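Enquirer: One structure, as structure tokens, below. Some questions next.
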Amino acid sequence: MPDKQEEKKSLPFFGIPKIMPYIKQYKGMMLIMVVTGLFGSAIDLILPLYQRYAINHFVGGRTLDTLPWFIAIYVASLLITAVGNYINGYLALKLEVSINRDLRGMAFNHLQTLSFSYYNQNSVGYIHSRVMSDTSRIGGLFSWSLAESVWQGTYLFGAIIVMLAVRPGLALLVMTVLPLIIFLFSLFQAKLIKLNRQVREINSRITGNFNEGITGARTIKTLAVEELIEKDFKAETKNMRRTTVHAARYRGLFASTIGLASSLALAIVLWKGGILAAEDVGTFSLFMSYAQGMMEPVRWIIDCISDFITTQVNIERLTRLLETRSDVTDSEEIIRLYGDSFDPIRENWEDIKGDIEFEDVSFHYPDGEEMVLEHFSLKIPFGSSIAIVGETGAGKSTLVNLVCRFFEPTEGRVLIDGRDARERSQLWLHSALGYVLQTPHLFSGTLRENLLYGKPEATEEEIKKALELVSATEVVEKLEKGLDTDVGEGGSLLSTGEKQLISFARAILADPKILVLDEATSSVDTITEQKIQKAIDTIVQGRTSLMIAHRLSTVVNADCILVVKEGKIIEQGRHKELLEKKGYYHELFTRQYEDEATASVLG
Ligand SMILES: Nc1ncnc2c1ncn2[C@@H]1O[C@H](COP(=O)(O)OP(=O)(O)OP(=O)(O)O)[C@@H](O)[C@H]1O
Ligand SMILES: [Mg+2]
């Protein structure tokens, strides 16, 4: 659980300088909010002074000469406070939503630039909560908490100064309550922070349970473990209920302590200031107002301080995400020349032809120690179709991940058209690539929208042709709304085989120079596979293609078959040559042939 460790490591103030660069454009707005807060609160603060003046001058009708002026100033002050309050609240809300939007946008864009290995190391839930809840807490801190602490701080500080100026003795007496109150409030606050943290932790576990329950619903059913899952879930929700009620009890106690504290301060004023009432009713009422009004600000200030301290963890986590550099990045020079993924300078891109070369490449995954490839060299000239076969975990996907620059070699180079892949921007290379994955992914939306991701300006004719080419026309025709059918989240309304066909069509639509098929047809039936196989033979014309396949019958036509074992190419050549060699490929092929023959007899 990375969250827990990080919360323990965090220190109170260290996050502010880190987050400032991301929200510096709002400094001006924050300043205006602080100034209106100071102003509004100062006027709020002097209202009891008016009260004192009114009691001492107008009560008993001593003199009413200044009454019209008094009313005018009083009303004006009320108006100014109201306007100040409005501007303050408006700016706080604007700041909150703007900061949230900016931080989320930055986090979202940054996530697009991170490499595959970041997603291997961080769970979706963890990333989701960085983007949603951390940003929202930070937004809240620099808006409402800042506004509130200025407003309430000014009020408290001012009330103390005014009381000290008017009656120092009585002021000091009233203030004796403060240390006790601050101590009590801090205790409550510390306990509340702890309870809230527990509630959050339980909540994230419940969300996780929910997620697993939904995504793993089928597995749960097939394993018949509904009862076990329900028991776990019930235990967590029970725990949640208990902790939430516990926290609510503390909050209630907190609120009533504030009431008690105000009464205590009032009692002191009544007790020691009673005599004052006879000689100076105005001052007496002034003290009554301040003594009573002082407790809310104390509570707010403690609240804001604790908010400030706890939000440091959120700042730390979010800035760490924003500062995470991708394992695969374009250099400054490359970005200047060719643009980045969000601002490409396409006019500087030359056409990519499609020659690929591995030059003495060694590679291990950033989170793995073992070398997956060692001193691997291979030339794949433009236009050739290469098949990669081998056992599970042999390193087939790793090879194509390196061609696509999803990972970079630990040593050695991958050359595209004779130039190091790092000499081009990632987007440039990726836009010349078509990649159909072992686990196809579609976006929510219609089939047509999904296909258009391949080529946004594609015509209806082109879409049809691409679908035909990969034998996906039937899939579309079968659906009631055809291309306008919604595919559901991640394409969940389609079967895996159908998803593969659609993502195949999507890749073809883009007309890529380099086509990578990683088990692209592993989930379609044999008849469809045969159809696709024919299509592949046409599709590979005029491009370089890399095809990973378990079913060896699909690779017989490849220009060159690479047989991978433990990260090394142990055999390479055409199907016939390899069979004649009677080596590992021959063994794999005959084993699979026998298995399939047995299966068809049994089936
Ligand atoms: N992201 C990763 N981090 C660390 N190690 C990895 C990662 N991906 C793969 N590996 C390791 O690298 C080796 C080669 O994996 P690779 O995915 O290239 O195999 P493959 O030949 O494509 O297998 P399959 O046929 O099952 O798809 C395996 O031992 C695997 O455990
Ligand atoms: Mg693989």
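Enquirer: Which is the longest run of the chain containing none of the GluC sites (Glu not before Pro) found in DSSP loop states (not H, G, I, E, B) with at most 16 other C-beta atoms within 10 Å?
Expert: 1-349
Enquirer: Mind ordering 500-509, 134-143, 306-315 by average Cβ neighbours within 10 Å, highest first?
Expert: In decreasing order of mean packing, 500-509, 134-143, 306-315 become 500-509, 134-143, 306-315.
Enquirer: Same structure again: Projecting each Cα onto the charge dipole of the chain (Lys/Arg +1, Asp/Glu -1 at the beta carbon, about the Cα centre), which of 287, 429, 204 comes out farthest on the positive side?
Expert: 287
Enquirer: To continue, here is another question. Find the percent of Cα-Cα distances in region 168-254 that exceed 18 Å, and round it to a whole number. Walk me through the intermediate numbers first.
Expert: Working: 2296 of 3741 pairs.
So the pairs more than 18 Å apart make up 61 percent of the total in region 168-254.
Enquirer: Right, something else. With a 1.4 Å probe and every protein chain left in place, tell me how much accessible area residue 223 has, in Å² to the nearest 10.
Expert: 110 Å²
Enquirer: Restricting to Cα atoms and excluding each atom paired with itself, what does the Kirkwood estimate give for region 266-399 in Å?
Expert: Evaluated over region 266-399, this radius sits at 23.4 Å.
Enquirer: Can you pull a Stokes-Einstein diffusion coefficient for region 141-295 at 4 °C (1.567 mPa s), Rh from Kirkwood over Cα pairs, as a whole number of µm²/s?
Expert: For these conditions, the coefficient is 66 µm²/s.
Enquirer: Rounded, prolate or oblate: which one fits region 524-564, using the alpha carbon gyration tensor with axes a ≥ b ≥ c (rounded when a/c is under 1.5, else prolate when a/b beats b/c, else oblate)?
Expert: Oblate is the answer for region 524-564, as a/c is 1.5 or above yet b/c matches or exceeds a/b.
Enquirer: How many percent of Cα pairs in region 53-164 exceed 21 Å?
Expert: 63 percent
Enquirer: Measure nothing but the geometry: give the 0 to 90° angle between the long axis through the Cα atoms of 27-58 and the longest principal axis through the Cα atoms of the chain, rounded to 10°.
Expert: For 27-58 against the chain, the angle is about 20 degrees.
Enquirer: Hey, which of these cross-link pairs are over 28 Å Cα-Cα: 455/478; 94/238; 455/499; 465/576; 465/513?
Expert: 94/238; 465/576
Enquirer: Right, next: Restricting attention to the alpha-carbon atoms of region 206-311, what are Rg (one decimal) and Dmax (integer), both in Å?
Expert: Considering region 206-311 through its Cα atoms, Rg and Dmax are 26.1, 86 Å.
Enquirer: Separate question: What is region 414-477 by shape, rounded, prolate or oblate, if you read a ≥ b ≥ c off the alpha carbon gyration tensor as root eigenvalues and call it rounded for a/c under 1.5, prolate for a/b larger than b/c, and oblate otherwise?
Expert: prolate
Enquirer: Next up: Once all Cα-Cα distances of the chain are split into 10 Å bins that start at 0, what whole-number percent is in each one?
Expert: Going from the shortest bin to the longest, the percentages are 3, 12, 17, 18, 15, 11, 9, 7, 5, 3, 1, 0, 0.
Enquirer: Would you mind telling me the share, in percent, of accessible area of the chain contributed by carbon and sulfur at probe 1.4 angstrom?
Expert: About 59 percent, which is the carbon plus sulfur part of the accessible surface.
Enquirer: Hey, what angle do you get for helix 146-166 against the long axis of the chain, alpha-carbon based, 0 to 90 degrees rounded to 10?
Expert: Here the helix axis deviates by roughly 20 degrees.
Enquirer: Right, here's the next one. How about region 387-492: which chymotrypsin sites (Phe, Trp or Tyr not before Pro) there are in a DSSP loop, with at most 12 other Cβ atoms within 10 Å of their Cβ?
Expert: Sites meeting the loop and neighbour criteria: 443.
Enquirer: What FRET efficiency, computed as 1/(1 + (r/R0)^6) with R0 = 30 Å and r the Cβ-Cβ distance, is obtained for residue 46 and residue 101, rounded to the nearest 0.05?
Expert: 0.20
Enquirer: Continuing with this model, one more query. For region 337-408, restrict the atom set to alpha-carbon positions and state the Rg and Dmax in Å.
Expert: Using the Cα atoms of region 337-408, the pair Rg, Dmax is 15.0, 43 Å.
Enquirer: If you consider only alpha-carbon coordinates, what radius of gyration and Dmax does region 473-603 have, in Å?
Expert: Reported Rg and Dmax, both Å: 17.0, 52.
Enquirer: Over all directions, how big on average is the projection of the convex hull of the alpha-carbon atoms in region 10-323, in square nanometres?
Expert: Projected over every direction and averaged, the Cα hull of region 10-323 covers 20.9 nm².
Enquirer: May I ask what percent, to the nearest 5, of DSSP beta bridges between residues of the chain are antiparallel?
Expert: If we restrict to bridges inside the chain, about 50 percent are antiparallel.
Enquirer: How would region 343-472 be classified by its alpha-carbon gyration tensor: rounded, prolate or oblate, with rounded meaning a/c under 1.5 and the a/b versus b/c comparison settling the rest?
Expert: In terms of gyration-tensor shape, prolate.
Enquirer: A further question follows. Can you give me the angle between helix 295-323 and the longest principal axis of the chain, using Cα atoms only, in degrees from 0 to 90, rounded to the nearest 10?
Expert: Once rounded, the angle reads 20 degrees.
The values are calculated or read from the model by the stated rules, or taken from the named source; none is laboratory data. None of these values were measured; they are calculated from a predicted model. Methodologically, a virtual Cβ is constructed for each residue, glycine included, from the backbone with ideal geometry; neighbour enumeration extends over all protein chains shown. The area values use the complete protein model at the heavy-atom level, side chains included, leaving out ligands, DNA and RNA. Shrake-Rupley method; radii C 1.70, N 1.55, O 1.52, S 1.80 Å.
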